[in-house]
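Reviewing the structure listed below.
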Ligand code: ARG
């Protein structure tokens, strides 16, 4: 049930019936304060102004035409022409019953779209570091939510597997093989070390550097021996990535890898197609596109370089080829890119160009879901104490260790295996939730203390809130499926809780529309808060009246299921006890 959409339709229809043009926005929103009703329609003032009418008079005409019998029990005109809508508890109770009766919480399925989601996409030359965390976590939460809503999602892990750094790595691999080193001795288990060693040779040894350059050319030219080494290297590197994904409970698989190299064969075609469309201009030997939309501060047009003077292709060229594939082969309706905000200009340019060149249909919506930087507690980009980049796997292990200590101090009744399981859920959940709960476009401070706190909008708080609700049933030995008493929303806390429960759908709709899981985090946090208020004000198990008890148990059950479903969409594992 999407209450907001329902009311928006009804108020919109009433506006038209009252004389407004078709399509006039009703602008129905959740009210910020209870005295303004549960929802309010804000579209009257704008509509009245456009029609040259008095807003309060138009609001009255609208109300005369508004059909909300059985749904709302009070409607009022407020201030300059806001319409406040007070929902009927009985109607809310009926909707909540429907949610209870349905495995998917009666969330309605919108028209299904094919959505390509480009996320994680690390460069394979090094091991995954903290810079890859946000794309991976946020992208995966959006993917899960899209799928829950019935969309067809195609995950695309657009890994950087084709850059010039591979020449260096291949040269080093070759060198070690020539020295007769075994796989284990080559240091590939630690790609950071391997990368640094290769870089060391490259910087110091002229012959090695030349060999590295040669190998890039050979590799990109399709040399079999080079390709074989390159594949070995990528396999190892991808295995590291998937170790991280597994630990993070991220749904990416090897089948989702569609790296830069996959588009190699199409790059020459991209260039000739742009040429044929008359979009390419030669500038100092390089092939560029100049689009009027993109200007430097001095007013000169910013070029998009498609092919370098030496013949090499660029990041943008590959992205153009990838967009064609997403349009022609994957038949996407939307393509979402979870990539650092600092690449915003790049995406604006290639998206505009792809449409202009006719590489993608007008209807394909290309959306850069940019995100800010993860900073350390000093407010600067997150680094190790010695100033190096932090390996993601180390960070996750540390999070689990810290959670283990914390959980052990709080409750020592658990055996070792339980402690480990809880520490995993809490530690990894904390890292993910801390990221997901902030708006993606802002920078945020990574702090173990803050994310592992049991107070506030954190994973430990949410996981604990869930176990508390779940424990009501365990303690009472009641099977939720056996609850048969009808739901009654007599107390204000009961009504507030039920209404929040029914706002799950509109919340996740915003998550997929804006690629912003923080809406869901905030929603779950508020839901947990309303549950606490309800739990304090409305005795459940000690209630004398069986009907009241059954009704409250149903509310508790729907809360537990909604919390669990919500956390699941965020990719966070819940616990029954902690
Ligand atoms: N590998 C790139 C990086 O680490 C991100 C790729 C994002 N996806 C894309 N289609 N450009 O910066």
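Which of the residues belonging to region 447-471 are exposed (fewer than 14 other Cβ atoms within 10 Å of the Cβ) and farther than 30 Å from residue 374 by Cβ?
Of everything in region 447-471, just one residue is exposed (fewer than 14 other Cβ atoms within 10 Å of the Cβ) and farther than 30 Å from residue 374 by Cβ, namely 471.
Which of the residues spanning region 154-180 are within 16 Å of the ligand (Cβ to nearest atom) and assigned to a loop (DSSP other than H, G, I, E, B)?
Within region 154-180, 158, 159, 161, 162, 163, 164 meet the criteria.
Can you name the residue in region 267-285 that is loosely packed, with under 11 Cβ neighbours inside 10 Å and in a loop (DSSP other than H, G, I, E, B) and, of all such residues, is nearest to the chain's Cα centre (by Cα)?
Taking the candidates together, the pick is 278.
Tell me which residues, restricted to region 539-560, are surrounded by fewer than 19 Cβ atoms within 10 Å (Cβ to Cβ) and either closer than 30 Å to residue 412 by Cα or not assigned by TED's automatic domain parsing to the domain that holds residue 490 (or both). It would help to see each step written out before you state the result.
So the first thing to find is which residues in region 539-560 are surrounded by fewer than 19 Cβ atoms within 10 Å (Cβ to Cβ), and the list is 539-548.
If the condition is that a residue be surrounded by fewer than 19 Cβ atoms within 10 Å (Cβ to Cβ) and either closer than 30 Å to residue 412 by Cα or not assigned by TED's automatic domain parsing to the domain that holds residue 490 (or both), then 539, 540, 541, 542 are the ones that fit.
Need pairs with beta-carbon distance below 6 Å; first residue free of Cβ contacts under 8 Å to residues at least 60 places away in the same chain and within region 103-116, second surrounded by 14 or more Cβ atoms within 10 Å (Cβ to Cβ); sequence gap 6+ or separate chains.
Close Cβ pairs satisfying both conditions: 109/150; 112/150; 112/151.
Restricting attention to region 185-218, which residues are assigned to a helix (DSSP H, G or I), within 37 Å of the chain's Cα centre (by Cα) and without any contact (Cβ under 8 Å) to a residue 12 or more places away in the chain?
Answer for region 185-218, where residues must be assigned to a helix (DSSP H, G or I), within 37 Å of the chain's Cα centre (by Cα) and without any contact (Cβ under 8 Å) to a residue 12 or more places away in the chain: 193, 196.
Among the numbered criteria (1) away from the ligand (no atom under 16 Å from the Cβ); (2) not assigned by TED's automatic domain parsing to the domain that holds residue 462, which one does residue 432 miss?
Checking residue 432 against (1) away from the ligand (no atom under 16 Å from the Cβ); (2) not assigned by TED's automatic domain parsing to the domain that holds residue 462, the one that fails is (2).
Just to be sure I understand the filter: pairs with C-beta atoms under 8 Å, separated by 6 or more residues or on different chains, first member in region 290-301 and in contact (Cβ under 8 Å) with a residue 12 or more places away in the chain, second member surrounded by 15 or more Cβ atoms within 10 Å (Cβ to Cβ) and assigned to a loop (DSSP other than H, G, I, E, B). Which pairs pass?
none
Determine which member of the set 392, 366 is modelled with pLDDT under 95, within 14 Å of the ligand (Cβ to nearest atom) and crowded, with 17+ Cβ neighbours inside 10 Å.
Working: 366 fails: modelled with pLDDT under 95.
Testing whether each residue is modelled with pLDDT under 95, within 14 Å of the ligand (Cβ to nearest atom) and crowded, with 17+ Cβ neighbours inside 10 Å leaves just 392.
Tell me the residue from 474, 420, 440 that is buried (at least 19 other Cβ atoms within 10 Å of the Cβ) and either assigned to a loop (DSSP other than H, G, I, E, B) or more than 21 Å from the chain's Cα centre (by Cα) (or both), please.
440
Looking at region 329-352 only, could you name the residues that are surrounded by 23 or more Cβ atoms within 10 Å (Cβ to Cβ) and either more than 21 Å from the chain's Cα centre (by Cα) or more than 11 Å from the ligand (Cβ to nearest atom) (or both)?
332, 350
Can you tell me which residues in region 307-328 are away from the ligand (no atom under 12 Å from the Cβ) and either within 26 Å of residue 283 (Cβ to Cβ) or within 24 Å of the chain's Cα centre (by Cα) (or both)?
307, 308, 309, 310, 311, 312, 313, 324, 327
Of the residues in region 83-134, how many are within 16 Å of the ligand (Cβ to nearest atom) and either in contact with a strand residue (DSSP E or B) (Cβ under 7 Å, 6 or more places away or on another chain) or in a loop (DSSP other than H, G, I, E, B) (or both)?
From region 83-134, those within 16 Å of the ligand (Cβ to nearest atom) are 115-134; that's our starting set.
From the residues that got through so far, the ones that are either in contact with a strand residue (DSSP E or B) (Cβ under 7 Å, 6 or more places away or on another chain) or in a loop (DSSP other than H, G, I, E, B) (or both) too are 115-130, 133-134.
Result for region 83-134: 18.
Is there a residue being surrounded by 13 or more Cβ atoms within 10 Å (Cβ to Cβ) and modelled with pLDDT of 90 or more anywhere in region 178-188?
no
Restricting to region 219-265, count the residues that are over 23 Å from the mean Cα position of the chain (by Cα) and assigned to a loop (DSSP other than H, G, I, E, B).
Qualifying residue count, region 219-265: 3.
Identify all residues within region 536-555 that are in a helix (DSSP H, G or I) and over 19 Å from residue 567 (Cβ atoms); write none if there are none. Outline the logic, then answer.
Initially, region 536-555 is screened for residues in a helix (DSSP H, G or I), giving 536-537, 546-555.
Scanning region 536-555 gives 536, 537, 546, 547, 548, 549, 550, 551, 552, 553, 554.
The values are calculated or read from the model by the stated rules, or taken from the named source; none is laboratory data. For clarity, every value in this text was computed on a predicted model and none was experimentally measured. All Cβ positions, glycine included, derive from the backbone under ideal geometry; neighbour counts span all protein chains shown.
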